[in-house]
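Have a look at the structure below before the remarks.
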Amino acid sequence: MREAASPANSGVIYALVFLVLALTILSDAKGLPSYLSPINVSNVFDQVALVGMLAVFTTVVLISGNFDISIAAIGGLGAAITLLLVDELGVAGAVLAAIAATSAVGMFNGFCVQKLGINAFIVTLGTLTAVRGLILVITDGRTVIADDPANYKRLESFVDGFVPAPALVGLIGIALIAVSAVQYLLTRRYQGQVGQNRLLLAASGAVVLLVGLSGFPPVRLTYSTLYLFGLVGTVWIVLRYTIVGRRLQAVGGNPEAARLSGISVDRYRIVPSVLNGSVAGLVGVIYSARLGAVDPSALHGFELTAIAAAILGGTSLFGGHGSVPKAILGALILIVLRNGFNMLNLGSNYQQLVEGIVIVAAAAVYVIAAQSASQGGRH
């Protein structure tokens with residue numbers, strides 16, 4: 001319990017809570033609408049959706065022991081392809097073409113790094129530059145829009161909608177109770193006893209369900225936010241509870257030992273790169289559906305924010321360790337900072353300075369905590 005609450009494990013949670021409390025106090029002191037108003041909370045989650053989705057597989061790639069700074073450019077390519085082809089191929093065809101193209105770029109990155117042995121930073125830096133150039137070529141350096149309003153309307157339907165957060169919370173509660181019931185039945189059948197964790201899971205599900213039925217939290221979540229939650233939940237389950245997740249961490253932590261134990265290191269490093277490209281393409285599709293127009297600089301800078309979010313979440317740059325939920329909390333910290341600067345009308349000139357200081361401070365906290373833990377282990 002004490003280890004779970006340590007700065008090395010929960011520092012990102014403390015930082016987010018402190019930041020939200022500080023912004024809430026400042027907004028109240030200035031006579032502004034509450035920072036935690038339902039509208040602003042919904043906006044924050046919507047703003048974090050795209051960078052959060054990029055941060056999910058940035059974290060996975062880092063856990064595998066690789067590195068990728070090309071994801072935003074790949075996402076921009078997906079956005080451009082979607083709007084260029086939506087009138088000719090329809091929404092489904094354009095989306096499939098965009099994701100297929102971005103997956104191919106991810107495959108290229110993984111192949112060059114693993115099969116040719118080129119440094120991951122060099123490969124993805126080259127890919128970033130080349131893909132940005134490719135976007136300029138296929139768009140002829142101009143902003144691309146969908147010519148047929150009906151096609152864009154169908155594309156927009158992917159993101160144009162809201163779901164009440166209490167309904168989502170209630171569904172999560174029901175899901176927890178259902179999982180507990182299945183575990184109970186399996187335990188009764190094969191072991192003849194009920195584990196305490198099943199009861200705790202059922203109780204947690206009941207509490208969550210009651211919270212949802214009470215109408216809390218009183219916010220609406222966009223479809224983009226739901227996509228983020230779905231992706232985070234799926235990847236978290238795979239990493240934490242499946243053999244795939246354990247092997248991925250083994251490959252990132254010690255590739256030679258993983259190879260000697262029979263794990264295909266190439267597969268567990270190339271596949272994350274491919275999936276990283278696929279998710280970047282999906283982000284591009286959502287981006288194009290939101291705006292209805294894409295210029296050659298689309299999603300520029302998102303790659304640095306995604307990497308920063310992973311670092312804030314405690315993901316190791318050397319592989320073998322990382323947490324997808326904490327990476328999303330890291331993304332929330334960065335978006336909350338930006339949102340707070342805008343809401344409080346603070347100088348935007350200082351925004352990047354503050355973000356940089358926060359990232360360096362977070363990295364320092366993790367390093368110092370890790371060193372303290374290792375020294376304590378020796379004693």
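Overview of results
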item	result
Per residue, in Å², the accessible surface of the chain once ligands and nucleic acids are set aside, probe 1.4 Å	50
Tensor-based shape of region 101-185 (alpha-carbon gyration tensor, a/c under 1.5 rounded, otherwise prolate or oblate)	oblate
Cross-link partners of Lys30 among lysines (Cα-Cα below 29 Å; sequence separation of 8 or more within a chain)	none
Charge dipole of the chain about the Cα centre (unit charges at C-beta), most positive-ward option of Val219, Ile243, Gln351	Ile243
Choice from Phe341, Phe45, Phe67 with maximal GNM fluctuation in the chain (Cα, 10 Å cutoff)	Phe341
Most mobile of Ala22, Ala280, Ala178 in a GNM of the chain (Cα contacts under 10 Å)	Ala178
Exposure of Arg240 as accessible area (Å², to 10), given a probe of 1.4 Å and all protein chains	150
Cβ-placed point charges (K, R +1; D, E -1), dipole of the chain about Cα centre in debye, nearest 20	1300
Separation between Cα centres of region 247-263 and region 105-131, rounded to whole Å	21
In Hz, Karplus ³J(HN,Hα) per residue of region 126-141 (6.51, -1.76, 1.60; θ = phi - 60°; x = Gly, Pro)	x, 5, 4, 5, 5, 5, 4, x, 4, 4, 4, 5, 6, 9, 6, x
Gain in span if fully extended, Leu89 to Gln352, counting 0.36 nm per residue against the direct Cα distance	90.6 nm
Selection from Ala362, Phe158, Val95 lying farthest towards where the dipole of region 7-372 points positive, charges on Cβ	Ala362
Mean residue ellipticity (222 nm) of the chain, computed from DSSP H runs ≥ 4 via -39,500 (n - 2.57), nearest 500	-26000 deg cm²/dmol
Accessible area of region 7-372 belonging to carbon and sulfur atoms, whole % at 1.4 Å probe	68
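The values are calculated or read from the model by the stated rules, or taken from the named source; none is laboratory data. Predicted model, so just to flag it, every value in this text is computed and none were measured. Note that we place each Cβ from the backbone using ideal geometry, even for glycine, and neighbour counts take in every protein chain shown. Accessible surface is based on the protein model in full, side chains and every heavy atom, while ligands, DNA and RNA are left aside. Shrake-Rupley method; radii C 1.70, N 1.55, O 1.52, S 1.80 Å.
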